[in-house]
1. Check LYS80 against each of (1) over 30 Å from ASN214 (Cβ atoms); (2) touching a residue at least 12 places away in the same chain (Cβ under 8 Å) and name the one condition it does not meet.
2. Any residue at all in segment 107-125 that's at pLDDT 95 or above, more than 24 Å from the chain's Cα centre (by Cα) and closer than 25 Å to LYS2 by Cβ?
3. Do you know which residues across segment 292-321 are out of contact with any strand residue (DSSP E or B) (no Cβ under 7 Å at 6 or more places or on another chain) and at positive phi?
4. Being more than 18 Å from the chain's Cα centre (by Cα), in contact (Cβ under 8 Å) with a residue 60 or more places away in the chain and part of a loop (DSSP other than H, G, I, E, B) is the requirement here; does ASP271 meet it?
5. Tally the residues that are in contact with a Pro (Cβ under 9 Å, 6 or more places away or on another chain) and of a type in the set (Val, Ile, Thr), restricting the search to segment 19-54.
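The values are calculated or read from the model by the stated rules, or taken from the named source; none is laboratory data. Being a predicted model, the structure only gives us computed values, none of them experimental. As a convention, Cβ positions derive from the backbone with ideal geometry for all residues, glycine included, and neighbour counts pool all protein chains shown.
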Amino acid sequence: MKIAMFTDSYLPNTDGVVSSILAFKQGLEKRGHTMYVFAPDADGQAKDPKVFRYHSVKFPPYPQYRAAVFPYVPADVAKKTGVQVVHSKAMVNMGLSAMNFASRASLPSVASLETMIPDGVHYIIKHRGAQQAGKKLAWGYLKWFYSNFDLVTAPSHHTQILMAENGIESIVLPSPVDTNFFKPNGRGEKMKRELGISGKKVVLAVGRIVEEKNYSLIVKAAAAMRDPGTVFLIVGRGPYLERLKGEIAAAGLQEKVKVAGFVSGREKLVDIYNAADVFAFASPFETQGLVQLEAMACGTPACILKDTAPAEAIDEGRNGFTFSDDPKDCAEKLQDCIEKKKKFSLAARKTVIGKYSVGALSGKLAHEYEKLIEGRGR
């Protein structure tokens, strides 16, 4: 089977969408399938005959990302490559290209919701009074967009419910995690020395530094920790970075909360996961929470905001805890998780192996592709 995967983000980017594509690609190729990727061009991109790149420009809110400009894919690409199904991990530029290509080439199509676009309208609409209307328009667009695909997938039950409330039907198909890559590696202490936090207990947060990720709650929890020697390490970049640093300075927590910035290379990220005693996630707007699962695959238990998509992976009191939107509760749960790390570590990894393995989820995706292809052949 040959698959055309469309995405607005691909290598050398290292975000959740890229991780999802790479994991599915690995699993599908092990099953004998071929994936072609259609993506915007990017600085530092490697040449790959199975990757089609399209002219792009920088995306202002995130300069490290690029937006494809009118990425038209001729229908005869289907004949040249032999692709049998189109899958879009994009919702805008490359997503519209996927929709158009599948229609013109008469191919079955799948689309996955990976990012909550309605929660990002404030980057485009600055007037707070108009932002709620902007969210409604965004959901209206998504409802129209996904109606053009034969199958829609959601990465979590939480996201599936939210989509259904806005008129979008879907099946749940999470993104997998490569547990042969993300695993305990014994290099955590070495990484602590490199970061200048040797001998410290470490609370780790990884992701884009944006306001909606709720890093402010993590910073406030740092001030409320019982153990004054615990260090909070925040890894990532984004438009909220300078304001976050300002919050840390204003609270006098520069020695307790360290901002490491962007980490280049997945290998180093694995070492950072291994250096952590607990992974903290306070974002209410995730569709799944891949970074949390990567950390758990490395044997790091997690503390997650209640009633969110990432909380679905938490078996309370076995592989981590959930906390309310309260700094004191967050701090208490983080402290408990640190104290129970040895007990929780194996369970955290087993959760990812059991529920989010590359083999099982790639097999499920391949089965959905095959059903669509067979349906078109009747």
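1. Every listed condition holds for LYS80 apart from (2).
2. Checking segment 107-125: at least one residue is at pLDDT 95 or above, more than 24 Å from the chain's Cα centre (by Cα) and closer than 25 Å to LYS2 by Cβ.
3. Scanning segment 292-321 gives GLY299, ASP307, GLY317.
4. Here the answer is no, as ASP271 does not meet what is asked.
5. 0
To keep it simple, each residue is scored yes or no on (1) at pLDDT below 95; (2) within 24 Å of GLU211 (Cα to Cα).
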| position | (1), (2) |
| --- | --- |
| LEU137 | yes, yes |
| LEU142 | no, yes |
| PHE145 | no, no |
| ASN148 | no, no |
| VAL152 | no, no |
| MET163 | no, yes |
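For every residue, the table says whether it meets (1) more than 20 Å from MET99 (Cβ to Cβ); (2) touching a strand residue (DSSP E or B) at 6+ places or on another chain (Cβ under 8 Å).
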position	(1), (2)
PRO12	yes, no
VAL17	no, no
ALA23	yes, yes
LEU28	yes, yes
PRO60	yes, no
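Each row is one residue, and each column tells you yes or no for (1) out of contact with any Phe, Trp or Tyr (no Cβ under 7 Å at 6 or more places or on another chain); (2) small (Gly, Ala, Ser); (3) modelled with pLDDT of 95 or more.
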residue: ALA23; (1), (2), (3): yes, yes, yes
residue: ARG31; (1), (2), (3): yes, no, yes
residue: PRO40; (1), (2), (3): no, no, yes
residue: ALA46; (1), (2), (3): yes, yes, no
residue: MET91; (1), (2), (3): no, no, yes
residue: GLY95; (1), (2), (3): no, yes, yes
residue: PHE101; (1), (2), (3): yes, no, yes
